[in-house]
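In what follows, a single structure is set out as structure tokens and then discussed.
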Amino acid sequence: MHVTSSFFLLCMKHDMRIKVFLVFENYIRVRAGGRHSRSGPSRLVGTDCSESIESGEVFVDCQDRRLTSIPSSKIWSKEPKHLLLARNRIKILRDGVFAGFEGLKSLDLQQNQISVVEDGAFEGLTKLTTLLLQHNTLGTLSEEALIPMPNLRYLRLYDNPWICLCPMDSLIRTLQVPSNRNLGNHARCAEPVRLKDRKLKQVDAELLCQESDSTSPQGDQTDPIDTLNPSPIRTKPDATTSCHTYLFPQPRLDCSNRGLTEVPAGIPEDIVHMDLSHNSIIHLRARDFQGARSLRTLNLSNNNMGHIDTASLSGLLHLRELDLSDNSLHFVQYGVLEDLYFLSNLKLGGNPWVCDYSIHYMVYWLRLHPGVKHSGLLCRSPPEYTGESVEQYVHSYNRECPKDRQRSQTDPELWNTPLELQAELEEEEVEPSHLRAPQKYQIIRLS
């Protein structure tokens with residue numbers, strides 16, 4: 001009887017703990033609600049991750065949470081389709097660690113400290129199409145780890161210290177299959193020295209298992225790999241390997257604070273947002289963004305940039321936001337902005353704009369595009385115009401008839417001009433002659 005009573009009391013206590021936990025969990029969920037995404041509400045879940053709906057699919061954002069392990073799949077209100085775990089402290093992916101995530105389409109594990117991926121780590125992820133493992137500490141990975149993902153179409157492995165020896169044989173052969181053209185692009189060997197910086201897709205898999213002999217002095221002298229395939233000279237940094245790429249909810253390339261002195265080459269065509277701020281890009285050159293046709297936002301702030309070539313922004317027909325703030329621009333030369341048909345926001349503050357005749361193009365372009373919201377266009381020099389808006393300067397410039405446009409009253413061209421017409425000409429704000437094109441035909445803008 002005593003044992004039965006004790007057991008009953010123990011069950012009562014256990015049941016009470018469960019009720020308290022459920023009440024507390026419900027309290028946290030209620031307190032955590034409030035933030036909304038474009039397609040549905042976003043809420044915090046048990047691991048402080050945010051859960052949102054984009055285009056009808058559940059995104060779970062666990063980025064920057066200092067996580068050391070994969071959160072449980074049982075804490076989500078709905079089955080997630082996209083799991084974002086970037087910038088955490090995950091070191092090892094054990095077998096079956098993604099059990100319960102069978103519906104995942106994309107998995108972002110970049111910028112962790114992952115050094116080991118066991119062969120069964122991705123077991124059950126049959127619907128996964130995108131796996132991001134770049135910017136980790138992986139030295140080797142077996143093809144066995146990829147077998148559970150038959151629908152994998154996009155795999156990023158670059159910026160890992162790959163040791164290109166025999167254990168990498170199966171993975172490298174898989175990456176080199178022609179149909180796997182989007183698997184492992186840009187990933188390079190870190191060791192051995194002969195293969196350093198060689199792309200995994202270009203390594204001769206037949207020679208990998210022979211590298212064990214390369215540690216001997218004889219091997220160093222006789223190995224022909226380096227003489228047959230010298231590393232190519234790269235004149236510009238590569239956008240994919242120099243920057244951090246995020247695919248969800250929209251493709252974004254983060255190149256900020258990377259020590260860049262020029263715009264990197266090979267910007268993917270599908271990138272929608274690009275951040276190049278806080279670098280040292282002092283000169284924007286023609287065709288720097290060639291091929292980046294999908295760009296909607298471009299941040300070039302804080303680069304000490306002093307010059308922008310006329311064709312540097314050509315082709316960015318869909319760009320909506322451009323940030324040129326906090327640079328060293330004195331003016332923007334004629335033609336730079338001509339391809340920006342859909343621009344709606346232009347940030348110009350923090351530049352030493354010089355209010356002379358060179359600044360007029362910017363003002364006339366903005367007048368022709370009244371839908372563009374702009375800020376920060378203030379004169380820095382000469383001293384008499386410091387702090388004045390550039391628009392006011394240009395307006396006063398045209399009304400006051402400056403010296404370089406003054407005509408003498410003895411000018412024969414004015415002798416037969418009615419005074420009324422002269423007055424009208426003085427009040428009219430005429431576009432500078434070097435900005436006017438011959439009126440051979442009329443351009444009609446459709447927007």
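The values are calculated or read from the model by the stated rules, or taken from the named source; none is laboratory data. All values derive from a computational prediction rather than experimental measurement. With ideal geometry, Cβ positions are generated from the backbone for all residues, glycine too; neighbour counts draw on all protein chains shown.
When we screen 69, 73 for residues that are surrounded by fewer than 17 Cβ atoms within 10 Å (Cβ to Cβ), at pLDDT 80 or above and hydroxyl-bearing (Ser, Thr, Tyr), the only hit is 69. Evaluated against (1) under 27 Å from the mean Cα position of the chain (by Cα); (2) assigned to a loop (DSSP other than H, G, I, E, B), residue 155 falls short on exactly one condition, (2). Has the stretch 159-177 got at least one residue that is on the phi < 0 side of the Ramachandran plot, in contact with a strand residue (DSSP E or B) (Cβ under 6 Å, 6 or more places away or on another chain) and exposed (fewer than 15 other Cβ atoms within 10 Å of the Cβ)? Yes, the stretch 159-177 contains at least one residue that is on the phi < 0 side of the Ramachandran plot, in contact with a strand residue (DSSP E or B) (Cβ under 6 Å, 6 or more places away or on another chain) and exposed (fewer than 15 other Cβ atoms within 10 Å of the Cβ). Take the conditions (1) out of contact with any Cys (no Cβ under 9 Å at 6 or more places or on another chain); (2) outside any loop (DSSP other than H, G, I, E, B); residue 253 misses just one of them, which is (1). Among the residues making up the stretch 263-312, those that are within 16 Å of the chain's Cα centre (by Cα), modelled with pLDDT under 95 and among the acidic types (Asp, Glu) are 269, 270, 288. Which count do you get for residues in the stretch 178-189 that are out of contact with any strand residue (DSSP E or B) (no Cβ under 6 Å at 6 or more places or on another chain), of a type outside the set (Ser, Thr, Tyr) and not in a loop (DSSP other than H, G, I, E, B)? Matching residues across the stretch 178-189 total 2. Would you call residue 273 more than 13 Å from residue 339 (Cα to Cα) and without any contact (Cβ under 8 Å) to a residue 60 or more places away in the chain? Yes; evaluated as a whole, the condition is true for this residue.
All conditions but one from (1) surrounded by fewer than 20 Cβ atoms within 10 Å (Cβ to Cβ); (2) in contact with a Lys or Arg (Cβ under 9 Å, 6 or more places away or on another chain); (3) not basic (Lys, Arg) apply to residue 114; the one that does not is (1).
Going by the structure shown, is residue 52 assigned by TED's automatic domain parsing to the domain that holds residue 151, at pLDDT 85 or above, part of a strand (DSSP E or B) and among the polar types (S, T, N, Q)? Yes. Every test in (1) over 15 Å from residue 245 (Cα atoms); (2) at pLDDT below 95 is passed by residue 125 save one, and that test is (2). Take residue 15 and decide whether it is at pLDDT 50 or above and not in a strand (DSSP E or B). When the stated conditions are applied, residue 15 does not pass them.
Residue selection: residue 159 satisfies the criterion of being in contact (Cβ under 8 Å) with a residue 24 or more places away in the chain, charged (D, E, K, R) and out of contact with any Asp or Glu (no Cβ under 9 Å at 6 or more places or on another chain). Checking each residue in the stretch 315-373 for being buried (at least 20 other Cβ atoms within 10 Å of the Cβ) and in contact (Cβ under 8 Å) with a residue 60 or more places away in the chain picks out 360, 361.
Every residue, every condition in (1) in contact (Cβ under 8 Å) with a residue 40 or more places away in the chain; (2) at positive phi; (3) part of a loop (DSSP other than H, G, I, E, B); (4) among the small types (Gly, Ala, Ser), yes or no:
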| position | (1), (2), (3), (4) |
| --- | --- |
| 102 | no, no, yes, no |
| 122 | no, no, yes, no |
| 139 | yes, no, yes, yes |
| 144 | no, no, no, no |
| 148 | no, no, yes, no |
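For the stretch 186-194, the criterion of being closer than 24 Å to residue 120 by Cβ, at pLDDT 90 or above, assigned by TED's automatic domain parsing to the domain that holds residue 124 and over 28 Å from the mean Cα position of the chain (by Cα) is satisfied by no residue at all.
Of all residues in the stretch 111-152, those that are under 26 Å from the mean Cα position of the chain (by Cα) and among the aliphatic types (A, V, I, L, M) total 7.
Among the conditions (1) in contact (Cβ under 8 Å) with a residue 40 or more places away in the chain; (2) under 21 Å from residue 88 (Cβ atoms); (3) polar (S, T, N, Q), residue 185 misses just one, which is (2).
For the stretch 257-280, the set of residues classified as touching a helix residue (DSSP H, G or I) at 6+ places or on another chain (Cβ under 8 Å) and over 18 Å from residue 315 (Cα atoms) consists of 258, 260, listed by residue number.
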